[in-house]
1. Under 5 Å between amide H atoms, partner at least 5 residues away or on a different chain: which partners does Ala274 have, H built in plane at 1.01 Å?
2. Using r as the Cβ-Cβ distance of Asp60 and Glu291, and R0 as 45 Å, what FRET efficiency do you calculate, to the nearest 0.05?
3. Remind me, relative contact order of the chain in percent, using alpha carbon pairs under 8 angstrom and six or more residues apart?
4. Report, largest value first, the span of the C-alpha coordinates of the chain along each principal axis, in whole Å.
5. With 24 Å as the limit, write out which pairs from Lys107/Lys331; Lys110/Lys331; Lys68/Lys236; Lys188/Lys236; Lys294/Lys336 have Cα-Cα distances beyond it, or answer none.
6. For n ≥ 4 DSSP H runs only, could you compute -39500 (n - 2.57) per run for the chain, divide by its residues and tell me the 222 nm figure to the nearest 500?
7. Does region 1-116 come out rounded, prolate or oblate by the C-alpha gyration tensor, with a ≥ b ≥ c the root eigenvalues, rounded set by a/c under 1.5 and, if not, prolate when a/b is larger than b/c and oblate if not?
8. Calculated FRET efficiency, Asp166 and Asp320, Cβ-Cβ r, R0 22 Å, to nearest 0.05?
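The numbers here are math on the coordinates, done by the rules we state, and not lab data. Predicted model only: the values in this text are computed from it and were never measured. Backbone-built Cβ (ideal geometry, glycine too); neighbour counts: all protein chains shown.
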Amino acid sequence: MSNIPYDSVIDKLKGQRVMLVGGAGFIGHNMSLELRRNGIETMVADNMVVNSMVDNAYHDRGDPTKRKLNIHFLMDRFDMMRDAGVEMRNVDARLFSDLAQVFDEFKPTKVVHLSAISSAVEARKNPGLCFDLQLTTLRNVLELCRLNHDQVDNVMFLSSSTVYGDFETPTVDETTRPRPRGIYANAKYMGERLLRTYCHQHGLGVSIVRPSALYGERCVSRRVSQAFIENALAGKTLYLDGGGDGRLDFTYIDDLVEGMVRTVGLFGGREVSATFNLTFGNARTIGELAEIVKEFVPDVNLEIRDRSNDRPIRGTLSMDRANEMLGFHPKWPLEKGYRQYCEWYIGEWEKVVGSRK
Ligand SMILES: NC(=O)c1ccc[n+]([C@@H]2O[C@H](COP(=O)([O-])OP(=O)(O)OC[C@H]3O[C@@H](n4cnc5c(N)ncnc54)[C@H](O)[C@@H]3O)[C@@H](O)[C@H]2O)c1
């Protein structure tokens with residue numbers, strides 16, 4: 001296990017200018033806040049097309065409570081980024097000339113690509129849009145970085161643990177052969193290949209990170225970790241597919257953000273290419289997640305239902321490489337991170353919605 005003090009990573013980032021494309025989302029805004037906390041110049045370029053304020057303000061999809069909460073979380077993101085001094089540009093990264101304009105203005109030295117339909121389930125409903133938001137935007141980022149290679153020393157791509165497909169072993173590491181299934185995972189894998197190609201053929205410094213099952217403050221993506229606490233507070237049933245034995249490598253946002261900062265800080269320079277799993281590094285069951293919700297909402301109704309046949313088989317992502325090369329040691333096991341998140345969620349619920357059902 002290597003020990004690389006976080007302060008020394010931050011020192012390496014001093015004077016850098018980090019642009020987050022798709023940075024107004026859950027991961028991006030949390031990363032922008034961490035960069036600004038450490039005095040690093042940061043710009044978010046986002047067209048607010050996914051999980052957006054407009055979408056949430058206009059549609060309630062039959063759930064006015066969810067609409068209220070989401071608008072509140074999204075507004076908090078903007079308030080926090082503005083107060084922290086993050087520069088914000090409303091730009092569609094599918095449009096080369098628009099993205100080029102903000103590149104010219106900000107002159108980034110590091111670029112993080114986050115834009116996507118960030119849910120495999122949603123991506124499957126709209127494969128063309130999935131392709132464009134992940135890969136057309138990535139093409140533009142890579143081309144701009146290639147053309148400005150004397151200025152940009154690293155492009156980081158947010159890939160996904162879904163590139164591994166159904167896990168054949170309980171734990172996978174970065175040498176496990178990817179077997180992506182579906183448009184979302186395949187677009188992520190294509191994105192990874194494009195990054196490595198730009199590195200090998202054009203010398204661009206690149207880094208690829210593979211996160212999994214994130215949860216944390218101000219997320220509006222409604223993954224299972226959010227849906228469970230929200231449904232419990234709304235008096236709705238929590239369903240445990242196949243008894244809740246499905247496993248995910250749940251990761252608290254602060255751990256991921258630290259890993260990403262370590263990656264952009266420690267990796268840079270021409271022809272440098274690095275790929276890291278960045279998760280907590282220990283898959284836990286959906287049933288264990290539900291048990292934590294039960295501590296906060298003791299009368300929550302849990303119901304077992306049949307397992308769906310196309311449910312992906314997941315597991316643990318090894319952190320050995322990230323431990324060794326990034327000095328990354330995740331600090332938030334589910335018992336600590338998810339409890340903190342539930343406490344935060346209940347506080348927000350009481351502020352925004354009022355009493356519980
Ligand atoms: N959250 C997770 O658990 C998780 C896990 C693995 C990988 N990822 C990946 O990490 C990245 C960020 O995820 P997130 O959870 O923050 O998602 P998010 O949906 O909260 O954020 C994505 C952001 O991209 C922006 N965007 C989309 N198309 C754009 C375009 N054309 N131009 C500019 N901006 C655009 C959206 O408006 C949104 O703000 C995604 O690529 C996602 O696939 C997320």
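1. Counting only residues 5 or more places away or on other chains, the set is Val206, Ser207, Ile208.
2. 0.90
3. Here the relative contact order equals 19 percent.
4. 59, 43, 42
5. Over 24 Å Cα-Cα: Lys107/Lys331; Lys110/Lys331; Lys188/Lys236.
6. Mean residue ellipticity at 222 nm (helix-derived): -14000 deg cm²/dmol.
7. Details: a/c = 2.40, a/b = 1.48, b/c = 1.62.
Oblate is the answer for region 1-116, as a/c is 1.5 or above yet b/c matches or exceeds a/b.
8. According to the calculation, E is roughly 0.50.
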